Amino acid sequence: MEQYRTEEEQVEALRRWWDENGRSTVIGIVIALAAAFGWQGWKSFQADEAAAASDKYQAFMRSMGGGDEASILAAQQLAQDIKSDYASTTYAQFAALHLARIAVTTGDLAGAEKELRWVVAKADKNSDIGTIAQIRLARVLASAGDSEQALAILDAIGDSYEGIRSLARGDILLAAGDAEGARLAYAGAQAFASLAGTELPTLQAKLQSVSPVTPGAESVRVMPEVGEVSAAPAVDNTAQGE
């Protein structure tokens, strides 16, 4: 009987505990399970979304490869669809970069600026794609005549991108008529490239084109249409007529 009474007391204690705490415990368990299943569902949704965005992006790239006007128009529509339906994906950011490039080739600088600003807003801070968008935005703004804002955008880019930042700065300053500023920027870009162990022939050509020519040195001519350098011996005019 003593054991029975003890068990009855345990049951009664358990019942009282359940009356006091059972509901909150069940709710807590339900919330925990819902969170776990919800997280798994969210991850599954993200995976499905990324796969769908990837498929559409591949279709976009195939259209871009067509080259004709109809293919380009189809590609533009696909890119807009990607931006609209999968705005949170990196595919949408890449699609917007392509739209900006198309806009630049057609002379639509305002359209290019809009696409690039969209990428900057969507991309993670200090990410590679965000930085690329910022540098291209700076170039577009400079082409539109706003060199001051373009340089301000470059100033906000992190030092880890010093090479391409300085190269863009040099191009913008040179276009604005500041040859000395461009030379300093190109020199900075070249120094960074040397530290990284990379060679940039186009950068070297640009640096030579704005560097003072010393007497007796070879004259350097930059071919703007291809960015190559051709060197020819300097002509000594004093030798003529002797």
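Size descriptors for region 91-218 (Cα atoms only): Rg and Dmax, in that order, 15.5, 54 Å. In terms of its Cα atoms, region 91-158 spans 27, 26, 13 Å along the principal axes, sorted from long to short. In this rough spin-label picture, where each label sits 7 Å from Cα along the Cβ direction, the L195-R101 distance is 2.9 nm. For region 100-115, 3J(HN,Hα) computed residue by residue from phi via the Karplus equation (6.51, -1.76, 1.60; θ = phi - 60°) reads 5, 5, 4, 4, 5, 5, 9, x, 8, 5, 5, x, 5, 4, 4, 5 Hz, glycine and proline entered as x.
Full extension of the chain segment joining E148 with D124 gains 6.2 nm, where the gain is 0.36 nm per residue of separation less the Cα-Cα distance.
Cross-link pairs exceeding 28 Å between alpha carbons, from the set K122/K206; K56/K114; K83/K125: K122/K206. A DSSP coil position with no more than 16 other Cβ atoms inside 10 Å describes the following GluC sites (Glu not before Pro) in region 128-211: E199.
No lab work stands behind these numbers, since they all come straight from the coordinates. Predicted model only: the values in this text are computed from it and were never measured. Every residue, glycine as well, gets a Cβ built from its backbone with ideal geometry; the counts of neighbours run over all protein chains shown.
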